[in-house]
Amino acid sequence: MKRRLWTIALLGSLLMGSAPQAFAARIKDVARFMGVRPNALFGYGLVIGLNGTGDNNKTQFTTSTLANFLDRMGIHVEPDSIKVKNVAAVMVTAKLPPFARIGTKLDVQVSSIGDAKSLEGGTLLMTPLQGPDGQVYAVAQGPVSTGGFSASGASGSSVQKNHPTVGFISQGAVVEQEFSVPFDGLDRLDLVLNAPDFTTADHAARKINLALGGHYAKAVDATTVQLDVPPSYRSDIVGLISQVETLDISPDTPAKVVINERTGTIVLGENVRISPVAVAHGNLTVQISEQPAVSQPLPFSQGRTVVTPQSTVQVQEGKGTLNVLSGGTTIGEVIKGLNAIGATPRDIITILQAIKAAGALHAELEII
């Protein structure tokens, strides 16, 4: 807690020591062009070669899948007769990046869907990966790396690191079908902001028009900037996109305070402001201690030794002082003021909630 408090204090001092500057970011880091996005792929497959850590015989879809696979290989086996623990049924997921060509290799994630204990040391059999439209775009296969382990003894004791039922195959899938995004001959491009904001959209449109030397872009809402392709770029859409993506803009962010009560983490946005408010902070500590007291009977008496607890209660109340936080302060001044009170991160959470309830905190308070 002390380390976190010193970190917050250092952050506040750094922010107050320098004049606020507009943060600049490339358009490609805060927005994307419509249609340029990854596509999710998934497939159902089998991981073989496990050392007795595969699915149980009661997992019927695993044995049925294995029986069907062997049947396609010319080996007919009844599913009920299959009793192996070296096979596990898994779901395979991957992301198909935009403009991926045939032969491009993709990373895949393998997750158990049965009761397998571990996928460590297993190999994924050839698994077709399909998109939302049901078409196969890639095929995955290869050794599974779990990055963890699980071991148990006969007495029931066990040890586990990470999640051994989830694995990863680096470049384990090969693209077999392309997902094309045509750009040739387009008259208009739509630029979509990752975080919707009217001010940021307007800034982006103005910066694009300034760079292109004309009125080609306009913000139609908080998310979309429409860009009419200039005549000189009709045959060079990629060049236009490259020029627009590298432009620097100053994204505007709403005032927000994010609080994680479980960990005591507090994140304050740059635009957080407060009105004049007085804050009193104090602590009440109650300490109860018990000491056993032994009562001995007199010699040759009929009494017996008795142990009775003696309790001591101490109450200590910290001195609460009334501190005034001036209005219009920046994030650094808010941090400095709260640290001056002697508040810990846990206390700051309570204080910020109280300031918000009083209507003096002009920011969105989000508790996660």
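The values are calculated or read from the model by the stated rules, or taken from the named source; none is laboratory data. All values derive from a computational prediction rather than experimental measurement. In this analysis, Cβ positions are derived from the backbone assuming ideal geometry, glycine residues included, and neighbour counts consider all displayed protein chains.
Of all residues in the range 37-59, those satisfying the criterion of being surrounded by 15 or more Cβ atoms within 10 Å (Cβ to Cβ) and under 30 Å from ARG188 (Cβ atoms) are ASN39, LEU41.
Meeting the requirement of 1 or more residues that are modelled with pLDDT of 90 or more, the helices (runs of 4 or more DSSP H) wholly within the range 1-117 are 27-30.
Just one residue in the set THR127, THR53, THR123, THR63 is β-branched (Val, Ile, Thr) and under 26 Å from SER180 (Cβ atoms); that residue is THR127.
Looking only at the range 134-173, residues that are surrounded by 11 or more Cβ atoms within 10 Å (Cβ to Cβ) and modelled with pLDDT under 85 come to 10 in all.
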